[in-house]
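The values are calculated or read from the model by the stated rules, or taken from the named source; none is laboratory data. Computed from a prediction, not measured in an experiment: that's the story for all the values here. Counting neighbours? That spans all protein chains shown, and the Cβs are built from the backbone with ideal geometry, glycine included.
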Amino acid sequence: MQLKKSVKTKLKNKDNGRYTYEFEEFFKFLDNNYIKKLTPNAKPEMMIGQNCIVLLQTNLYRTKSLFIGYLEGFNKNNPLMSTLCLRALYETTGSLAFLHKRYFQYSSGSITIEQFEETLRRLYLGIKDKGGLPEAPDPINVMTSIDAVDYYLKSKYSLLDRNFRATYDDLSERCHPNSFGYLLGHDIETTSYAVSFSDNNTIHRIEEYDLEKFSIASTLYKEIYDDLRRYIEEYEEIPFKELYNFKNYKWKNGPNKSPYI
């Protein structure tokens, strides 16, 4: 995904190019963790490792798609498009955090293997409107996922404020057709009170793209993904041969002993 030259210039003038760097680093992270194909070379006794890796890769692809959509809003001079994608990116990060929370509850014995497997089913297969799939599980509530990020921040950094949820709520307000959602559509002059409405010639300010909120989501996504995948690859049975010695990973304690070590 290439940003227009004019967009790059604006970003370079914002916080000394910090966000341009963060965009590049997030793309690198997503590409480095992408796996083209997963080929089983054995049937594991337990399916948790296999199912977690598949879910992580699916989540990763969704995240990259949303990230591309977020950047496309810059090219299209459409901050609302970027805001919608960023809000969905927050939800996808929340889904990852909820998986992280439940996996460590399972590994510590706080929940049973059956409860964790049900979590996997709901995260991967859950749908609200069953339609022709009455047997499908219920999805995880989106706010439950959002709160899982604040749970992570509390558990790891002792942060008690629910800032991730507050930030998500702010994004939601601008995604909805209400007061904040209409702010991009018009401007009121402070002296004459004349109302000017946005059109295709309106150039939106770089501040309208929620750069700091993107920074929060991308930083947390990378951290939670890395932490969860490291533990799963080390402590769960992984049947995929592509993950043996994947990215020079060194297994230490778990059952997955790479033949290349």
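Restricting to segment 136-180, count the residues that are β-branched (Val, Ile, Thr) and out of contact with any Lys or Arg (no Cβ under 9 Å at 6 or more places or on another chain). Within segment 136-180, residues that are β-branched (Val, Ile, Thr) and out of contact with any Lys or Arg (no Cβ under 9 Å at 6 or more places or on another chain) number 2. Within segment 51-66, none of the residues are aromatic (Phe, Trp, Tyr) and either surrounded by 15 or more Cβ atoms within 10 Å (Cβ to Cβ) or on the phi > 0 side of the Ramachandran plot (or both). Taking the criterion of being farther than 26 Å from residue 242 by Cβ and aliphatic (A, V, I, L, M), no residue of segment 15-35 qualifies.
Looking at segment 206-223 only, could you name the residues that are in a helix (DSSP H, G or I) and either in contact with a Ser or Thr (Cβ under 7 Å, 6 or more places away or on another chain) or polar (S, T, N, Q) (or both)? Break it down stepwise before answering.
Filtering segment 206-223 for residues in a helix (DSSP H, G or I) gives 206-209, 211-223.
Within segment 206-223, 209, 213, 215, 216, 217, 218, 219, 220, 221 qualify.
Close contacts from segment 1-28, counting a first residue that is within 19 Å of residue 65 (Cα to Cα) and a second that is surrounded by 14 or more Cβ atoms within 10 Å (Cβ to Cβ) and among the hydroxyl-bearing types (Ser, Thr, Tyr), with Cβ to Cβ under 6 Å and a gap of 6+ residues or different chains, come to 22/215; 26/218. Looking across segment 29-55, the residues that are touching a Lys or Arg at 6+ places or on another chain (Cβ under 6 Å) and either without any contact (Cβ under 8 Å) to a residue 12 or more places away in the chain or not polar (S, T, N, Q) (or both) come down to 29, 30.
For segment 139-161, what are the residues that are among the hydroxyl-bearing types (Ser, Thr, Tyr) and modelled with pLDDT under 95? If you could, list the steps in order and put the result at the bottom.
Let us first name the residues in segment 139-161 that are among the hydroxyl-bearing types (Ser, Thr, Tyr), namely 144-145, 151-152, 155, 157-158.
Of everything in segment 139-161, nothing turns out to be among the hydroxyl-bearing types (Ser, Thr, Tyr) and modelled with pLDDT under 95.
Here are some residues: 242, 208. Which one is at pLDDT below 95 and surrounded by fewer than 16 Cβ atoms within 10 Å (Cβ to Cβ)? Give the steps one after another, and end with the answer.
Working: 208 fails: surrounded by fewer than 16 Cβ atoms within 10 Å (Cβ to Cβ).
When all the criteria are applied, what remains is 242.
All told, residue 84 falls short of being without any contact (Cβ under 8 Å) to a residue 40 or more places away in the chain, in contact with a Cys (Cβ under 7 Å, 6 or more places away or on another chain) and closer than 30 Å to residue 3 by Cβ.
Could you list, in sequence order, the residues of segment 122-138 that are within 17 Å of residue 55 (Cα to Cα) and either at pLDDT below 95 or more than 17 Å from the chain's Cα centre (by Cα) (or both)?
Of all residues in segment 122-138, those within 17 Å of residue 55 (Cα to Cα) come to 122-127, 136-138.
Matches in segment 122-138: 122, 125, 126, 127, 136, 137, 138.
Starting from residues that are in a loop (DSSP other than H, G, I, E, B) and touching a Leu at 6+ places or on another chain (Cβ under 8 Å), keep the ones in segment 172-205 and report whichever is surrounded by the fewest Cβ atoms within 10 Å (Cβ to Cβ).
Keep residues of segment 172-205 that are in a loop (DSSP other than H, G, I, E, B), which gives 176-179, 189-194, 198-205.
Those left that are additionally touching a Leu at 6+ places or on another chain (Cβ under 8 Å): 198, 204.
Values: 198: 14, 204: 16.
Going through the qualifying residues, I end up with 198.
Taken together, 104, 26 contain a single residue that is touching a Lys or Arg at 6+ places or on another chain (Cβ under 9 Å) and farther than 30 Å from residue 186 by Cα, which is 26. Of the helices (runs of 4 or more DSSP H) lying entirely inside segment 1-95, those carrying at least 1 residues that are modelled with pLDDT of 95 or more are 18-33, 48-75.
Residue 29: under 24 Å from residue 94 (Cα atoms), touching a helix residue (DSSP H, G or I) at 6+ places or on another chain (Cβ under 6 Å) and surrounded by 12 or more Cβ atoms within 10 Å (Cβ to Cβ), yes or no?
Numbers: under 24 Å from residue 94 (Cα atoms): yes; touching a helix residue (DSSP H, G or I) at 6+ places or on another chain (Cβ under 6 Å): yes; surrounded by 12 or more Cβ atoms within 10 Å (Cβ to Cβ): yes.
For residue 29, the condition - under 24 Å from residue 94 (Cα atoms), touching a helix residue (DSSP H, G or I) at 6+ places or on another chain (Cβ under 6 Å) and surrounded by 12 or more Cβ atoms within 10 Å (Cβ to Cβ) - is met.
Among the residues making up segment 120-152, those that are in contact with a Leu (Cβ under 7 Å, 6 or more places away or on another chain) and crowded, with 18+ Cβ neighbours inside 10 Å are 120, 123, 140, 149.
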